[in-house]
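A quick write-up on the structure given underneath.
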Amino acid sequence: MLTVPKRRLLLGAGMAAGAVAAPVAAGVAVRSAVGANHAPPASGHRGLHGAPGLIGDNAVVGTVDHARNGFDPHAILTDWDTGTVVTDPDGTRVREWVVTAVDVEVEIAPEVMFPAWTFSGRIPGPTLRCSEGEKVRIIFQNGSAHPHTMHFHGIHSWRMDGVPYAGLAQPGERFVYEFEAKPFGCHLYHCHALPLKRHIHKGMYGAFIVDPDPARHPESREAAESRLVGSARNAEWQEIMLCMNGFDTNFDDENEIYAVNTVAFAYQQRPIRVERQRGLRIYLINITEFDPINSFHLHGNFFDYYDHGTTLAPTLRTVDTIMQCQGQRGILEIDWSEHEPGIYMFHAHQSEFAELGWMSHFEVV
């Protein structure tokens with residue numbers, strides 16, 4: 001008798017309280033390609049910007065209601081939140097954000113609802129972006145029914161660490177985090193309340209990007225300027241943020257759905273448009289709970305990798321696959337200038353992850 005792995009049963013089995021089980025009869029399922037020919041269907045389905053549809057490949061049936069979710073994974077790619085610059089009474093310039101913990105249901109695959117704990121109502125939370133050396137202030141308000149924190153990966157005082165004894169906000173309370181933004185790089189923040197695995201897998205994390213200050217790096221000024229959002233050199237690049245995550249829909253400490261930026265197969269259904277003549281820079285973060293590593297594999301091309309994004313020279317050159325443990329992150333730089341336009345796949349190189357949602361495409365134009 002054929003034994004079906006437990007994770008494959010995610011859409012046919014009942015889910016934990018607060019989640020909605022999607023009926024198989026509704027056609028909401030992870031579907032594998034049938035037959036050897038994977039050409040677009042005769043119906044002429046087209047993807048984003050008229051790209052050939054990819055319905056015949058491993059995918060979900062149906063679409064997620066992004067308006068109901070309150071966020072779109074395609075918008076999350078580039079919606080840098082640079083906060084508001086304020087001046088304190090003593091004349092200090094501060095970059096400030098207000099972030100609120102909210103409990104919401106999120107549709108992570110068609111008709112699959114997940115009872116999430118979030119920063120500002122989305123998974124991942126807002127992508128906070130600032131410059132090296134700036135004083136930053138994050139006003140954290142807890143509108144959730146549970147105690148939460150914001151722990152930032154970076155250099156700061158223990159008093160600002162966002163752990164149970166330094167920065168915990170009970171429901172209805174708030175905590176103000178203040179520190180100097182350093183080092184530059186691709187970082188993240190997440191809730192560090194206990195039990196830690198529950199707060200992370202429920203969705204409490206987001207990207208924290210610190211751009212290098214070119215004046216502090218005269219030996220690599222051009223490279224630093226290329227990462228400084230708003231600069232002329234930065235405008236020459238296409239930049240996106242990808243957060244690798246997973247969802248335990250039945251609360252058995254194993255993930256049933258994997259994704260980048262939360263929605264399974266989002267960038268397979270609508271490939272990410274990339275201009276061939278401009279470099280692509282990816283801020284890649286892994287915050288997958290219950291699995292020791294996640295990975296990123298690119299088809300048809302190679303890239304340079306900057307581990308943690310804290311260097312201005314690559315830490316790995318000319319690779320097409322990298323692994324990250326939970327909390328690890330980095331920057332990828334990809335050159336498409338010698339490639340023909342078309343659809344280029346990227347995905348986790350753990351087959352199970354790819355088949356359960358972490359499968360995506362670039363549309364190079």
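The values are calculated or read from the model by the stated rules, or taken from the named source; none is laboratory data. If you're wondering where the values come from, they're calculated on a predicted model, not measured in any experiment. Here the Cβ is made from the backbone with ideal geometry for all residues, glycine too, and neighbour counts use every protein chain on show. Note: areas computed on protein heavy atoms with side chains; ligands, DNA, RNA excluded. Shrake-Rupley method; radii C 1.70, N 1.55, O 1.52, S 1.80 Å.
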Original post:
Using beta carbons and a limit of 6 Å, which pairs, at least six apart or on different chains, have the first residue in the stretch 231-246 and farther than 22 Å from PRO73 by Cα and assigned to a strand (DSSP E or B) and the second one at pLDDT below 95 and open to solvent by 30 Å² or more (accessible area, probe 1.4 Å)?
Top reply: none
Subject >> Options ASP72, ASP57; residue that is in contact with a helix residue (DSSP H, G or I) (Cβ under 9 Å, 6 or more places away or on another chain) and at pLDDT below 95 >> reply: ASP57
Subject >> Scope the stretch 197-228; condition surrounded by fewer than 18 Cβ atoms within 10 Å (Cβ to Cβ) and within 20 Å of ASN250 (Cβ to Cβ); matching residues >> reply: LYS197, ARG198
Subject >> Test: residue in the stretch 330-353 that is in contact with a Cys (Cβ under 9 Å, 6 or more places away or on another chain) and in contact (Cβ under 8 Å) with a residue 12 or more places away in the chain >> reply: yes
Original post:
So which residues in the stretch 62-80 are open to solvent by 50 Å² or more (accessible area, probe 1.4 Å), hydrophobic (A, V, I, L, M, F, W, C) and outside any helix (DSSP H, G or I), if there are any at all?
Top reply: TRP80
**OP:** Scan the stretch 335-357 for residues that are within 17 Å of ARG281 (Cα to Cα) and hydrophobic (A, V, I, L, M, F, W, C) and jot them down.
**Re:** TRP336, MET345, PHE346
**OP:** Being buried (at least 17 other Cβ atoms within 10 Å of the Cβ) and either in contact with a helix residue (DSSP H, G or I) (Cβ under 6 Å, 6 or more places away or on another chain) or among the aliphatic types (A, V, I, L, M) (or both) is the filter; apply it to the stretch 89-101 and report the residue that is nearest to TYR177 (Cα to Cα).
**Re:** VAL99
Original post:
How about the stretch 121-142: which of its residues are open to solvent by 10 Å² or more (accessible area, probe 1.4 Å), among the small types (Gly, Ala, Ser) and closer than 26 Å to ARG227 by Cα?
Top reply: SER131, GLY133
**OP:** Scan GLY172, GLY154 and give me the residue that is free of Cβ contacts under 8 Å to residues at least 40 places away in the same chain and not in a helix (DSSP H, G or I).
**Re:** GLY172
Subject >> Qualifying residue in the stretch 103-110 (condition: more than 27 Å from PRO171 (Cα to Cα) and not in a loop (DSSP other than H, G, I, E, B)) >> reply: yes
**OP:** Output the number of residues of the stretch 272-307 satisfying the condition of being part of a loop (DSSP other than H, G, I, E, B) and either within 17 Å of LEU356 (Cα to Cα) or open to solvent by 50 Å² or more (accessible area, probe 1.4 Å) (or both).
**Re:** 13
Original post:
Do you know which residues across the stretch 180-196 are aromatic (Phe, Trp, Tyr) and open to solvent by 10 Å² or more (accessible area, probe 1.4 Å)?
Top reply: PHE184
Subject >> Candidates THR310, THR249, THR318, filtered to the one that is polar (S, T, N, Q), outside any strand (DSSP E or B) and closer than 24 Å to GLY185 by Cβ >> reply: THR310
**OP:** Could you please let me know if LEU332 is touching a helix residue (DSSP H, G or I) at 6+ places or on another chain (Cβ under 6 Å), open to solvent by less than 40 Å² (accessible area, probe 1.4 Å) and more than 24 Å from PRO110 (Cα to Cα)?
**Re:** no
Original post:
Looking at (1) open to solvent by less than 10 Å² (accessible area, probe 1.4 Å); (2) under 22 Å from SER131 (Cβ atoms), can you tell me which one ARG233 breaks?
Top reply: (1)
